[in-house]
Amino acid sequence: MPEPGRGLRDLGTPRPGVDERDMVFSRALLVPGTERYEEYYRARPQCREKDEIFRKEPGLLAPGTAYFHPLGFAAAHAAFWAVEKLRPFVEGEGDGGRAAPLELLREATPGMSGEAAPEGWARVPSDPGEVTSFLKAWALKLGAHSVGVTVLREYHLYTHVGRGSDYGKPVELGHTHALALTVEMDRQMVDRAPGSPTVMESARQYLSSGVMAVQLADTIRRLGYRARAHIDGSYRVICPLVAKDAGLGEIGRMGLLMTPRLGPRVRIAVVTTDLPLVPDVPVRDLTVIDFCLRCRKCADACPSRAIPLGDPEEDEKGVLRWKVDAEGCFTLWAKLGTDCARCMAVCPYSHPDTLLHNLVRWGIRKNALFRRMAVWMDDLVYGRCPSLKPQPAWMR
Ligand code: SF4
Ligand code: SF4
């Protein structure tokens, strides 16, 4: 068991075998009275009682919830609707159409015929480093805050699909690499957690990251390789685990990716592919784990007490981690109507990406004593349980 300051230690390596059908978001979609519902709870009777608790609440973005805001909820619904419209494009067609680039060039180039492409036109770089650099730079240009690449590992994948028309099918991607990207959640909107601005911002960033991932996947397919975008509601991979191995951050107490400059204040999308990319060599920052051992601010501020206050513990697979009570968290969402995000708002790593806060982050990375002081300073300046902020003026 890691102890604060007793040398920096990693938590466990995740194990494969996570079924998306067991995720609380998938369970929330089960409709009582249907065969799928009955079948699920026959197989997992231990989940039925907990799930009936959140089913009694109005639900995410529903009227009658504590933070119902007709305009804000309509805006969030609209963004989630747009994400849904993206889902048919996450996979593209067939095998990726290895001949597509030449075909497209022939259509687009007057007078071009035959098998040979004009000099320089159909050249897909054979250097994986060149393609990787291009895709990462393009992701940043599209608006990503950070981007990284990893070899795809078995524990990144769900075993079975838990949402959509492929529900229950085994996940078989046949891909070798993954590109993960993060997008920033606006600080002013997240600061209003758990009010309606947070869910509007979540929806906006799921859409924004989804648009980027779909474009990147399509770009890869146009190079003649297979690629799939993993966006909200259409995941085959566990995005935070992929992002961590791509060097974008660590997994902290609240179970979210903790990025070096924005902490958990990000959303993630992933593209998996059989295009051979060059993986990043992650520079691990175990001071995040050490800081989380001392801080506990998210656990103190969590209205549903879903985040453990204690040390990480072994889960059912024997992996050391902080296990968040997903049902407790989701039940609160269903009461509030928003995705809460109070933990994200109060986390000291979520502060703005400014010189002052980056100096503090640097100190946290460099010195154990500073880490202890930083917890105290953050409480002093922002409060241990910061008071809830009102809606922005334009939403009142
Ligand atoms: S609030 Fe503190 S304990 Fe929670 S994730 Fe952030 S740094 Fe870790
Ligand atoms: S989203 Fe809210 S309820 Fe869920 S873990 Fe974070 S603070 Fe707790």
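The values are calculated or read from the model by the stated rules, or taken from the named source; none is laboratory data. Fair warning: this is a prediction, and the values are worked out from it, not measured in the lab. Glycine also receives a Cβ, built like all others from the backbone with ideal geometry; neighbour counts cover every protein chain displayed. These area figures cover heavy atoms from the full protein model, side chains too; ligands, DNA and RNA do not enter into them. Shrake-Rupley method; radii C 1.70, N 1.55, O 1.52, S 1.80 Å.
Below is a table of values for the structure above.
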item	result
From 325, 290, residue being among the acidic types (Asp, Glu) and within 14 Å of ligand 1 (Cβ to nearest atom)	290
Helices (runs of 4 or more DSSP H) wholly inside the stretch 272-379 that include at least 1 residues being under 20 Å from the mean Cα position of the chain (by Cα)	287-295, 297-301, 326-336, 342-346
Any chance residue 12 is open to solvent by less than 80 Å² (accessible area, probe 1.4 Å) and touching a strand residue (DSSP E or B) at 6+ places or on another chain (Cβ under 8 Å)	yes
Exclusive hit being within 14 Å of ligand 2 (Cβ to nearest atom) and either farther than 21 Å from residue 22 by Cα or not hydrophobic (A, V, I, L, M, F, W, C) (or both), set 301, 326	301
Filtered residues of the stretch 296-314 (kept if closer than 14 Å to residue 345 by Cβ, within 12 Å of ligand 1 (Cβ to nearest atom) and surrounded by fewer than 18 Cβ atoms within 10 Å (Cβ to Cβ))	300
All positions within the stretch 46-77 that are acidic (Asp, Glu) and either touching a Pro at 6+ places or on another chain (Cβ under 7 Å) or not in a helix (DSSP H, G or I) (or both)	57
Restricting the stretch 15-48 to residues that are free of Cβ contacts under 8 Å to residues at least 12 places away in the same chain and among the hydroxyl-bearing types (Ser, Thr, Tyr), the residue that is farthest from residue 152 (Cα to Cα)	34
Pairs, first free of Cβ contacts under 8 Å to residues at least 12 places away in the same chain in the stretch 124-146, second of a type in the set (Val, Ile, Thr) and surrounded by 14 or more Cβ atoms within 10 Å (Cβ to Cβ), C-beta under 8 Å, six or more apart	125/131; 140/147
Residue match in the stretch 222-241 (condition: within 16 Å of residue 140 (Cβ to Cβ) and buried (at least 24 other Cβ atoms within 10 Å of the Cβ))	no
Condition broken by residue 255, with the remaining ones in (1) near ligand 2 (Cβ under 10 Å from one of its atoms); (2) in contact with a Leu (Cβ under 8 Å, 6 or more places away or on another chain); (3) of a type outside the set (Ser, Thr, Tyr) satisfied	(2)
Number of positions in the stretch 24-51 that are open to solvent by less than 60 Å² (accessible area, probe 1.4 Å) and either touching a helix residue (DSSP H, G or I) at 6+ places or on another chain (Cβ under 7 Å) or closer than 30 Å to residue 318 by Cβ (or both)	10
Of the criteria (1) among the hydrophobic types (A, V, I, L, M, F, W, C); (2) in contact with a Pro (Cβ under 7 Å, 6 or more places away or on another chain); (3) buried (at least 20 other Cβ atoms within 10 Å of the Cβ), which one residue 395 fails	(3)
Pairs where the first residue, in the stretch 332-359, is free of Cβ contacts under 8 Å to residues at least 12 places away in the same chain and the second is within 16 Å of ligand 1 (Cβ to nearest atom) and not aromatic (Phe, Trp, Tyr), C-beta under 8 Å, 6+ apart	357/351
Given (1) farther than 26 Å from residue 67 by Cα; (2) near ligand 2 (Cβ under 10 Å from one of its atoms), number of the condition residue 314 does not satisfy	(2)
Residue 321 vs. criteria open to solvent by 60 Å² or more (accessible area, probe 1.4 Å) and in contact with a Ser or Thr (Cβ under 9 Å, 6 or more places away or on another chain)	no
Residue 169 being closer than 19 Å to residue 226 by Cβ and surrounded by fewer than 20 Cβ atoms within 10 Å (Cβ to Cβ)	yes
Residue selected from the stretch 337-367 under the condition touching a helix residue (DSSP H, G or I) at 6+ places or on another chain (Cβ under 7 Å) and farther than 24 Å from residue 306 by Cα, by the criterion surrounded by the fewest Cβ atoms within 10 Å (Cβ to Cβ)	352
Failed item, numbered, when residue 266 is tested on (1) at pLDDT 95 or above; (2) within 17 Å of residue 181 (Cα to Cα); (3) open to solvent by 30 Å² or more (accessible area, probe 1.4 Å)	(3)
Residue 332 being more than 16 Å from ligand 1 (Cβ to nearest atom), of a type outside the set (Ser, Thr, Tyr) and within 23 Å of residue 205 (Cα to Cα)	yes
Pairs, first within 15 Å of residue 193 (Cα to Cα) in the stretch 291-309, second assigned to a helix (DSSP H, G or I) and more than 9 Å from ligand 1 (Cβ to nearest atom), C-beta under 7 Å, six or more apart	301/342; 302/342; 303/332; 303/342; 304/328; 304/329; 304/331; 304/332
Complete set of residues in the stretch 185-211 that are touching a Pro at 6+ places or on another chain (Cβ under 6 Å) and either at pLDDT below 95 or open to solvent by 30 Å² or more (accessible area, probe 1.4 Å) (or both)	187
